[in-house]
Amino acid sequence: MNMKLEMKIFKYALYITVIFFNISCTEIDNETHSEVFGLPHVAIEMRESDFADLKKNALLNEYAAITIERGGIKESGKIRRRGNSSRALPKPSFHIKTDGGDWHYVASNIDKSYCKEVFANIAFEKFGGFLVQKTEFVALSINNIYQGLYISREPIDEKFFQRRSIGINSLYRIRYGGMFTFKDGHNSAVDFEKLVPQSSVNYDDLNTLISALDKNDSEKIKNILNIENAAKYSFISSVIGNFDGITNNIHIYNAKKDNKFRIIPYDLDLTFWTINKFENGLLERAEDIYLSEYGLKREQCIDSTSRYIGSLVGVLDSLKNKISQAYENDPYLQGENLDWHISQIKRRISR
């Protein structure tokens, strides 16, 4: 690494550290309130030295002990930073573990509206019938100091399915740049991380799907892939510009009830951009089979999807009203205009 690059990295790291230690935060009195700024209150208590380490060491993956109170229930747990590239951004996101399970508290550094992920999940669930993560806006405090508006989000793991009484054979997450193909040197064990069962390195079911996709064997694809689920994921992703959910972020599970794969949308803050058609080796095949089965044209599906999502515009106003107080008091969002950010989403879904 050359000297100039090293200096740039050092200066940026110093800049982020200065931001953490100089942002002015609102103090909350010692009595724990169930709501703060009109949102459910997540109150975390931890040693000040651990909190200082958590703020300044963005890449630290070590957990620190905490107590956490939410919904009137107080329990012990542990906390660490979460995220990949987002760790370099000013407002930290957290991964919290308790006996009740893991939970994410997401700082929406890129999406300043704070509504894209929640709104996109609503679109996927209502229009496509997708399983989606439970998300909730919360006001988060650490040691009685308000840290800002956060999105509370459940991880997609084994407990995600247990809460919904859904049996699964396997669960995979596509790694950045991954594709559903063996062509051009792609390998399933490299392109995908197996999440369930974690102890298994057997990728046989996924390999069977990828082989059928590579051969464009429609009958075999239909036997191991829920075509409607995959095609609708493609149509909705095209309409909302979900470019970060094609060769990244996709979670795909194999259901015990029919031994077919289905997609779960994930990490939808980079949505509502330009309408586009995406390919990853699976989506385009699913679209072709779906359109052929129902005698439809792609333009018809994109149009009906666009109209439905456009009809949800009132939901955005409800989300905006819900978070407005917490947004205005968030120390990391000073100077941001929530109305303007929401208007940009509306502009994109009204095209």
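D317 is checked against (1) outside the structural domain of K183 (by TED's automatic domain parsing); (2) charged (D, E, K, R); (3) surrounded by 15 or more Cβ atoms within 10 Å (Cβ to Cβ) and fails just one. What number does that condition carry?
(3)
Looking at the structure I just gave you, is S93 within 20 Å of Y266 (Cβ to Cβ), out of contact with any Leu (no Cβ under 7 Å at 6 or more places or on another chain) and surrounded by fewer than 21 Cβ atoms within 10 Å (Cβ to Cβ)?
Here the answer is yes, as S93 does meet what is asked.
Here's the yes/no breakdown for (1) crowded, with 17+ Cβ neighbours inside 10 Å; (2) within 18 Å of the chain's Cα centre (by Cα); (3) of a type in the set (D, E):
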site: V118; (1), (2), (3): yes, yes, no
site: E125; (1), (2), (3): no, yes, yes
site: Y146; (1), (2), (3): yes, no, no
site: L171; (1), (2), (3): yes, yes, no
site: I174; (1), (2), (3): yes, yes, no
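Across the range 117-143, what is the number of residues that are under 20 Å from R164 (Cα atoms) and among the aromatic types (F, W, Y)?
Adding up the residues that qualify gives 3.
Among the listed residues A58, A120, A64, which satisfies the condition of being in the same structural domain as N144 (by TED's automatic domain parsing) and in contact (Cβ under 8 Å) with a residue 24 or more places away in the chain?
Just a single option satisfies the conditions, and that option is A58.
Enumerate the pairs (first residue in the range 187-204 and modelled with pLDDT under 95 and of a type in the set (A, V, I, L, M); second residue anywhere and surrounded by 11 or more Cβ atoms within 10 Å (Cβ to Cβ) and not in a loop (DSSP other than H, G, I, E, B)) with beta-carbon separation below 8 Å, excluding pairs fewer than 6 apart on the same chain, so at least 6 apart or on different chains.
V201/A189; V201/K194
Find the residue count for the range 205-230, including only residues that are in contact with a Phe, Trp or Tyr (Cβ under 6 Å, 6 or more places away or on another chain) and without any contact (Cβ under 8 Å) to a residue 12 or more places away in the chain.
So the count comes out to 0.
Condition (residue is surrounded by 19 or more Cβ atoms within 10 Å (Cβ to Cβ), charged (D, E, K, R) and under 17 Å from E228 (Cα atoms)) applied to the range 261-273: is it met by at least one residue?
Scanning the range 261-273, I find at least one residue that is surrounded by 19 or more Cβ atoms within 10 Å (Cβ to Cβ), charged (D, E, K, R) and under 17 Å from E228 (Cα atoms), so the answer is yes.
So that you can scan it fast, the table gives a plain yes or no per residue for (1) of a type in the set (G, A, S); (2) under 30 Å from K215 (Cα atoms); (3) out of contact with any His (no Cβ under 8 Å at 6 or more places or on another chain); (4) not assigned by TED's automatic domain parsing to the domain that holds I210:
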{"residue": "Y266", "(1), (2), (3), (4)": "no, yes, no, no"}
{"residue": "L270", "(1), (2), (3), (4)": "no, no, yes, no"}
{"residue": "A286", "(1), (2), (3), (4)": "yes, yes, yes, no"}
{"residue": "S292", "(1), (2), (3), (4)": "yes, yes, yes, no"}
{"residue": "K297", "(1), (2), (3), (4)": "no, yes, yes, no"}
{"residue": "D330", "(1), (2), (3), (4)": "no, no, yes, yes"}
{"residue": "G335", "(1), (2), (3), (4)": "yes, no, yes, yes"}
{"residue": "I342", "(1), (2), (3), (4)": "no, no, yes, yes"}
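Taking the range 148-159 as the region of interest, how many residues are surrounded by 18 or more Cβ atoms within 10 Å (Cβ to Cβ) and over 14 Å from the mean Cα position of the chain (by Cα)?
2
Residue under question is K220, and the condition is that it be touching a helix residue (DSSP H, G or I) at 6+ places or on another chain (Cβ under 9 Å) and part of a helix (DSSP H, G or I); does it hold?
Yes, satisfied.
Looking at the range 40-63, is at least one residue in contact with a Phe, Trp or Tyr (Cβ under 6 Å, 6 or more places away or on another chain) and modelled with pLDDT of 95 or more?
No, there is no match, as no residue in the range 40-63 is in contact with a Phe, Trp or Tyr (Cβ under 6 Å, 6 or more places away or on another chain) and modelled with pLDDT of 95 or more.
Working only within the range 62-85, note down all residues that are under 25 Å from D244 (Cα atoms) and in contact with a strand residue (DSSP E or B) (Cβ under 6 Å, 6 or more places away or on another chain).
Hits for the range 62-85 are R80, R82, G83.
Quick one: which helices (runs of 4 or more DSSP H) sit completely within the range 115-200 and have at least 3 residues that are under 30 Å from L316 (Cβ atoms) and among the small types (G, A, S)?
116-128
The values are calculated or read from the model by the stated rules, or taken from the named source; none is laboratory data. All of these numbers come straight from a predicted model, not from anything done at the bench. Here the Cβ is made from the backbone with ideal geometry for all residues, glycine too, and neighbour counts use every protein chain on show.
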